[in-house]
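Let me begin by presenting the structure, written as structure tokens, before commenting on it.
What follows is calculated from the coordinates using simple rules that are stated; it is not laboratory data. Predicted model only: the values in this text are computed from it and were never measured. In this analysis, Cβ positions are derived from the backbone assuming ideal geometry, glycine residues included, and neighbour counts consider all displayed protein chains.
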Amino acid sequence: MTNGTTEHREVIVVGGGQAGLAIGYYLARQGRRFTILEAATVPAAAWRTRWDSLELFTPVRYDSLPGRRFPGDPDSYPGRDDVVDYLTGYAREFDLPVELDSRVRSLAGLGERYIVELDDRAYEADQVVVATGPFQVPRTPAIARGLHADVVHFHSSEYRTPAALPPGPVLVVGGGNTGFQIAAELAESHEVHLSIGSRQMPLPQRILGRDLFTFLEATGLMAKTVDSRIGQRLKDRDTLIGSRPRTLRRRHGVALRPRTNEASGTAVGFEDGTSMEVSSVIWATGFELDHSWIDVPIFDEAGRVVHRRGVTDAAGLYFLGLPWLNTRGSALLGWVKDDAQYIADRIAELAAPHPPTDKPSPRTGELV
């Protein structure tokens, strides 16, 4: 137990990224007394750590949080810094109570309430929303430890620009959107190999001159829930948006390799028995969730959160912003608002009645 002070809030939101800000908007409109706790020292921290040239595969028209439109040409694709500016301005626009440098160390039940502990203080909360997102712990395979100290290697979350890599062959490990984008950029200045462990379904960025998500919305695919037949088929299958292995090889000269299964010294081996010498390796191998700090019985035998659209069996405890929390868009910038509003409504049902408020009201744009 922390030796600091303990304050009471109706709602504590853990995580100040897009999910935390979205539900913060709705809680503010309900007039709730709440606080958003963000571990990082700066706003939009998860986006700030992505590579410099990152570009969203969703256009501006689909990138808005509730109450404030994402600025720019609706058919353009925002970059990393555009998202950082938008999220930073969003919190400021609506005067959301975000407390930076506030890493939560534990969450536990306390009678009919919850105790949220930080290093220097604690909060007693009637309800808690865990909005820490899907990008929590970088996943690097154990074989990485076999590489020689002379080989520069790191997780894709640490990649910024090609200039950070020494001359010589580069291996990008991971056949998802991140691996493809980084490989294409590096190919302008390096010999690049991309190791693909499992094939993902490639989808074109644009169809007949219109963005892919226009069709996904029009056909209702973005609204299909995880419980639907098609949702069950898609929830464990990642897709490549705007990238194809053949295009990467022909247009950018990237050599395609099978799954990486060993690393020793300056050599990396693949499952087909071939190997190559590398000067650097980027592990675009995704992230893992970390809910080890939560001491509430809401997990199954495999350690997964048991919930229905973010609502757990522990009254007043919710999750937001996870992939396929409800639909394909649950973890995406422009769709997280749907789950946020749903959870905010569940919070209102459980909480003491509050008069609705028109604040925060947007100074620009319309409600979305």
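See the values below:
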read-out	value
Compactness relative to 2.2 N^0.38 Å, alpha carbon Rg of the range 1-91	1.26
Ranked SER280, SER76, criterion: other C-beta atoms within 10 Å, fewest first	SER76, SER280
Shape box of the range 150-301 [Cα atoms, principal axes, largest first, Å]	50, 48, 31
Length-normalised contact order for the range 70-201 - Cα pairs under 8 Å, 6+ apart - percent	12 percent
Beta bridge orientation in the range 1-153: antiparallel %, DSSP, nearest 5	40 percent
Chymotrypsin sites (Phe, Trp or Tyr not before Pro) lying in DSSP loop within the range 105-213, provided at most 14 other Cβ fall within 10 Å	none
Cα gyration tensor shape of the range 1-49, rounded if a/c is under 1.5, else prolate or oblate by comparing a/b with b/c	oblate
Coil-residue trypsin sites (Lys or Arg not before Pro) of the range 291-336, DSSP, other Cβ within 10 Å capped at 13	ARG304
Beta bridges per DSSP with both ends in the range 104-213, % antiparallel, nearest 5	75 percent
Over the chain, equivalent-ellipsoid semi-axes from the Cα gyration tensor in Å	38, 24, 19
The range 35-139 - Debye-derived log10 I(q)/I(0), Cα point model, q = 0.11, 0.15, 0.17 Å⁻¹	-0.44, -0.76, -0.92
Expected 222 nm ellipticity per residue - DSSP helices of 4 or more, -39500 (n - 2.57), all of the chain, to 500	-6000 deg cm²/dmol
Length added when fully stretched, THR6-ASP150, from 0.36 nm per residue minus Cα-Cα	46.9 nm
Fewest-first sequence of LYS337, LYS235 by Cβ atoms within 10 Å of each Cβ	LYS235, LYS337
DSSP bridge pairs, the chain: antiparallel proportion in percent, nearest 5	40 percent
For the range 91-176, alpha-carbon Rg over 2.2 N^0.38 Å	1.69
